[in-house]
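Scroll down for the structure; my scribbles are underneath it.
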Amino acid sequence: MEIHILSIFPEMFASVLDESILGRALTRGLLQVHPHNLRNFTEDRHRVTDDIPYGGGPGMVMKPEPMVAGIRAIQERFGPSYVILLSPQGDVLCQDGVKGLARMERLLLICGRYSGVDARVTHYIDAELSIGDYVLTGGEIPAMVLVDAVARMIPQVLGDAQSAVEDSWFDSLLQGPVYTRPVEFEGLCVPDVLRSGNHAAVAKWRRQQALLTTWQRRPELLQGASLSVEDRAIIQDFEGA
Ligand code: 4FV
């Protein structure tokens, strides 16, 4: 998979792409990430990428010309891409969306700045995505979030130490509590079942805890989850309790 990023701050991505799981995935060639400087697609000698808003008001708006020139040039050079504008107006990213993006060959992420991007740019994109209902200073951090979430879904990126299968959200349930040594910390103990060595009992306990955590914190997620008869009985108990 290739991920291209169009931004006026392409250097922001260096640290995220050099470290840990993402860094190793890039080194192993499991994924390629190419930040591109939007200013390289300007025509004027001041490499201007923003201008005042029509209709007046505060802030600046990102110009359409460099954005569209960048979208075209990157696809001419690297091939057709699924073009995504990161913005608060977009559909809020979720794990199902991430799984879909992880199946694509090439993504091109557009990072806005200032008060936003000229609306005509949306004629040249395939999707508008938001990472959440709050306003950031730029689209770069949302792009990093998307790169991280998508990279985890690429086989071998997580390696066997951790697999996306056990993830929160894997089947739309939140993950239950996890524990490691010491067995007792300031009077707080690890549940015995986790030290029983009884894998079936551990799996049952983890499923029960995932259902409980989801029922307590995000009950609406249970609608979209694939629940067994046993799961439904467990949830009944929660409601009965
Ligand atoms: C954002 C979000 C976001 C809006 C104005 C960048 C900022 C500035 N992007 N999910 N939430 N973008 O706040 O994706 O241009």
With respect to Ser87, determine if the residue is more than 25 Å from Pro219 (Cβ to Cβ) and within 16 Å of the ligand (Cβ to nearest atom).
yes
Residue that is at pLDDT 95 or above, touching a Gly at 6+ places or on another chain (Cβ under 9 Å) and more than 12 Å from the ligand (Cβ to nearest atom), where the choices are Leu93, Leu108, Leu101:
Leu108
Which one is farthest from the ligand (Cβ to nearest atom) among residues in segment 70-84 that are open to solvent by less than 10 Å² (accessible area, probe 1.4 Å) and among the hydrophobic types (A, V, I, L, M, F, W, C)?
Ile74
So which residues in segment 200-241 are loosely packed, with under 10 Cβ neighbours inside 10 Å, touching a Phe, Trp or Tyr at 6+ places or on another chain (Cβ under 9 Å) and within 10 Å of Leu174 (Cα to Cα)?
none
Search result, residues across segment 145-164 that are modelled with pLDDT under 95 and either within 14 Å of the ligand (Cβ to nearest atom) or open to solvent by 90 Å² or more (accessible area, probe 1.4 Å) (or both):
Pro155, Gln156, Asp160, Ala161
May I ask you to list the residues in segment 116-144 that are more than 12 Å from the ligand (Cβ to nearest atom), in a loop (DSSP other than H, G, I, E, B) and charged (D, E, K, R)?
Asp126
Are there any pairs, at least 6 apart or on different chains, whose C-beta atoms fall under 8 Å, with the first in segment 177-192 and farther than 24 Å from Trp215 by Cα and the second assigned to a loop (DSSP other than H, G, I, E, B) and open to solvent by 100 Å² or more (accessible area, probe 1.4 Å), and if so, which?
none
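The values are calculated or read from the model by the stated rules, or taken from the named source; none is laboratory data. These numbers come from a predicted model, not from an experiment. Neighbour counts are summed over all protein chains in view; Cβ atoms, including those assigned to glycine, are modelled from backbone coordinates with ideal geometry. With ligands, DNA and RNA removed, areas are computed over all heavy atoms of the protein, side chains included. Shrake-Rupley method; radii C 1.70, N 1.55, O 1.52, S 1.80 Å.
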